Amino acid sequence: MPVRLFFRPTLLAALLTSASLPLAANAQDSGPQLSFGLTTFADVPTSGDTDDDALYNWRVDIKLNYAEIWSGGSITGHFEYNDGDGYVGLGEGGLVWPTNTFATLPSVTSDNDTTLSLSLTQQFNNTTSVSFGKFNVIDLAEATPLVGGQGQGGFQYLGIGAPGNFVLPPYIFGGMLTVSYAPMIYTLMIYDANNAQGEDFWDDLFDEGVVYNGTATYTTQINGMPGFYSFNIAHSTKKGTDYESLLLDPSDDAFMSTKDGVNYTGVSFQQYLWSDPQNPMVGWGVFGQIGYGDGNPNPLDEMFLLGIGGNSPLYGRQSDRWGLAWSKYNWSDKLGEALGAYGVKLQDESAVEAFYEAALTENWRLGGNVMWVKPSFESYDDYTQVGFRIRATF
């Protein structure tokens, strides 16, 4: 029988599907709950084709959860602001994925440095809930128990901490249905295909496509330790560039034409190897993910992720977080062929990152990380970075 740590179907779905409420884990008491966070980052490139100057960034996060506004009804909100020197990635240094996700969003995907995510959840009974609104996908990935650290410290490289699949923008607007029948949890999300930011977003809602994203999660125990095993399939109706058309003569009418539909299928797991008998969600274990894109128009053929981490096993340091992970993104062969025709040599992007974040007090945390990334473009040298962060939460 699954352990009784599965407080609510909405909570577990939020932790495991990267498609639910970032603050669901805090929604235990009725009434408003407000938290304020301030984080500063110092990232120092030590090798690679970038400037070797340190990058200093900071961000503010204000989170609100108001549970039981009415019977089964709750509201979740997250205001974000970030500023600083920027990041490496999205082409810089030959990397696709940013090396500091939290220094990248929300500014990189909108015209300003702020954004507000707001969603409403209705819990109908112990098995079924519906959520609707704007969701922060990075929050959702960060909320997972092992790879994301449940918001208590995690990986900074986006390709590990919040694995991309090109059918899940950083911010999404839509709804989610969660149905739980132990040992299974099913979720179905339907949302706009575009990133949910900017003034024009509201005017063009669902004009360019819709995404259907479903996940089935099997919850179990192995030697008494919690385990979560998920299967995810997503389809976007949004049009994307047909990479084969880029090989045509520019005078051809089909040059740079589009292709309907972007698809992704993946399996993932998080398995505890040790957990606290009094609180099974405190512990450490292994996690992994394998994903498959359609390669055209999805720029992804396959992605792989494998790691270990969680709460510190050191005596008296269970509030600390640590992790070590490897990821690899095999870009579309068809995209590589198209870019090669223009002299751009595309290769798979792989990375290794390790981090440790210590709880100095109840409100203050200090962390450090080191990463190595093999860039997506062959003309760039391998990139390494050392980073430090300090976080205050009230």
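For GLY73, the residues whose modelled amide H falls within less than 5 Å of its own, excluding neighbours fewer than 5 places apart on the same chain, are GLU68, GLN123. Under 5 Å between amide hydrogens, built in the peptide plane, is the criterion, and for ASP85 it picks out TYR56, ASN57 among residues at least 5 positions away or on other chains.
Taking 0.36 nm per residue of separation and subtracting the Cα-Cα distance, full extension of the segment from ASP260 to LEU188 would add 23.8 nm. Enumerate the aspartates and glutamates that LYS63 could reach by cross-link, defined here as Cα to Cα under 19 Å, with residues fewer than 8 away along the same chain left out. Correct list for LYS63: ASP29, GLU80, ASP83, ASP113, ASP139, GLU142, GLU362.
Between rounded, prolate and oblate, where does the range 252-371 land on the alpha carbon gyration tensor, with a ≥ b ≥ c its root eigenvalues, rounded for a/c under 1.5, else prolate if a/b exceeds b/c? The shape class here is prolate.
Straight-line reach from LYS328: taking Cα to Cα under 20 Å and skipping same-chain neighbours fewer than 8 places apart, the lysines in range are LYS345, LYS374. Extension gain, ASN125 to ASP252, is 40.0 nm, computed as 0.36 nm per intervening residue step minus the present C-alpha separation.
The mean sequence separation of alpha-carbon pairs under 8 Å and at least six residues apart, normalised by the residue count of the range 9-393, gives a relative contact order of 15 percent.
Phi-derived couplings, Karplus 6.51 cos²θ - 1.76 cosθ + 1.60 at θ = phi - 60°, listed residue by residue for the range 37-44: x, 10, 10, 10, 10, 10, 10, 10 Hz, with x used for Gly and Pro.
Taking amide H as placed 1.01 Å from N in the peptide plane, LEU360 has its amide H under 5 Å from the amide H of ARG365, LEU366, each at least 5 places away in sequence or on another chain. Only Cα pairs under 8 Å and 6+ residues apart enter the sum, and on that basis the relative contact order of the range 214-266 stands at 35 percent. Ranked by the mean number of other Cβ atoms within 10 Å of their residues, highest first, the peptides 245-258, 273-286 fall in the order 273-286, 245-258.
What's the center-to-center distance, using Cα atoms, between the range 256-334 and the range 62-122 in Å? So the two Cα centres are separated by 20 Å. Once the other residues with Cβ under 13 Å from the Cβ of GLY174 are scored (Lys, Arg +1; Asp, Glu -1), what is the net sum? Local charge sum for GLY174: 0. Of the residues SER350, SER30, SER129, the one with the fewest other Cβ atoms within 10 Å heads the list, and the complete ranking is SER30, SER350, SER129.
Counted by neighbouring Cβ atoms within 10 Å, the residues THR99, THR121, THR237 run from fewest to most as THR237, THR121, THR99.
Dividing the summed -39500 (n - 2.57) terms of all DSSP H runs of n ≥ 4 by the residue count of the chain sets its mean residue ellipticity at 222 nm at -2000 deg cm²/dmol.
Values quoted throughout were computed directly from the atomic coordinates according to the rules given, and no laboratory measurement underlies them. What you are looking at is a predicted structure, and each value in this text was computed from that prediction instead of being measured. When we count neighbours, we look across all protein chains shown, and the Cβ atoms used for this are built from the backbone with ideal geometry, even at glycine.
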